[in-house]
């Protein structure tokens, strides 16, 4: 009995030592390559303090400030346990994002289109899936397509002016532009991406606004779920893990389904993003320059590409607009 226990303990110690050696080699990779890298935590990598003492933006900013003048064009980084390159040089950034963007298709985000259709957004896809989806969607962002959507945005701009005027008539000395910008952005996304008049500017309790904020601010399984999905995406897919909250998925899938059904039934055209997605669903197969056929968009893919409009455009656009409105209020001469 004692001999068996001793053998088992020895095997366990050898296994621990072996795993420790592998981890040590892994987390010293950048140092062995002569690349500057902050010593990583074996669990969180260089994201130490994430969601507890530091935000993600704070971590990235501090890392950039630390190595911007001393590390060359890039520094080493560990995104949890994954090796990554922290690009510092603006010219190298341009080369990656513009000149050679098609060689950097994988962003490392989780997607599980089978169980979680809204996770199949372009930004989450990788490899050929990303390339094919991008080729399908590129025509939606030509100057002609964007110009065709301008009347929809301009109309909402007049609505915004009307809402601001009403608040001033009610003797509101201070107008919270952050909320107004969020309402306006929600209405623009609603009409251009989902083809619906959400009326968020005049109804701050609109369901679209509530679900949009929930999609942005709440995570399924919290930080632990994010870590698992990022670190072990294949395992999470086998376990049928989802990223989107159930009520958020149900709401957005339903409004997209209703919009598609109505437009196809009534033959409605609005020259918006949803029109283009419906065309991609119904048109014949097309081929790229290599002769590869693209399968028409499924309903789930339509919903996911409309959903990414909300995730990518809500806070970014509304925050920028808030600062712009504030500066305009401070500088009357610019308004003129």
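What to note about this one:
- Proxy reagent accessibility, fewest Cβ within 10 Å first, across 81, 240: 240, 81
- Against the chain, whose longest principal axis comes from its Cα atoms, helix 143-169 is set at around 70 degrees.
- For a paramagnetic label modelled on residue 105 (point 7 Å from Cα along Cα→Cβ), amide N atoms under 20 Å away belong, within the range 216-243, to 233-234.
- Here the label points at residue 217 and residue 202, each 7 Å from Cα along the C-beta direction, are separated by 2.5 nm in the simple model.
- Counting only DSSP beta bridges with both residues in the chain, the antiparallel share comes to about 90 percent.
- Value at 222 nm in deg cm²/dmol, rounded to 500, when DSSP H runs of n ≥ 4 in the chain each add -39,500 (n - 2.57): -19000 deg cm²/dmol
- As computed over the range 35-104, the Cα convex hull volume per residue (Å³): 98
- With both labels modelled 7 Å from their Cα along Cα-to-Cβ, the residue 271 to residue 258 distance reads 2.7 nm.
- Extending 7 Å from Cα along the Cβ direction at residue 231 and again at residue 96 yields two label points whose distance is 2.3 nm.
- You can think of it this way: the chain between residue 210 and residue 89 has 39.6 nm of extra reach, that is 0.36 nm per residue less the Cα-Cα gap.
- Stretch gain in nm, segment residue 246-residue 132, where the contour uses 0.36 nm per residue and the Cα spacing is subtracted: 38.3 nm
- Against the chain, whose longest principal axis comes from its Cα atoms, helix 246-266 is set at around 40 degrees.
- Computed from the alpha carbon atoms alone, the convex hull of the range 133-335 holds 173 Å³ per residue.
- For the range 106-161 and the range 229-267, distance of Cα centres in Å: 15
- Degrees separating the helix 127-137 axis from the principal Cα axis of the chain, which is the longest one: 10
Just so you know, all these numbers are worked out from the coordinates, no wet-lab data involved. Every value quoted in this text rests on a predicted model; they were computed, and no experiment measured them. FYI the Cβ positions are ideal-geometry reconstructions off the backbone, even for glycines, and counts take in every protein chain you see.
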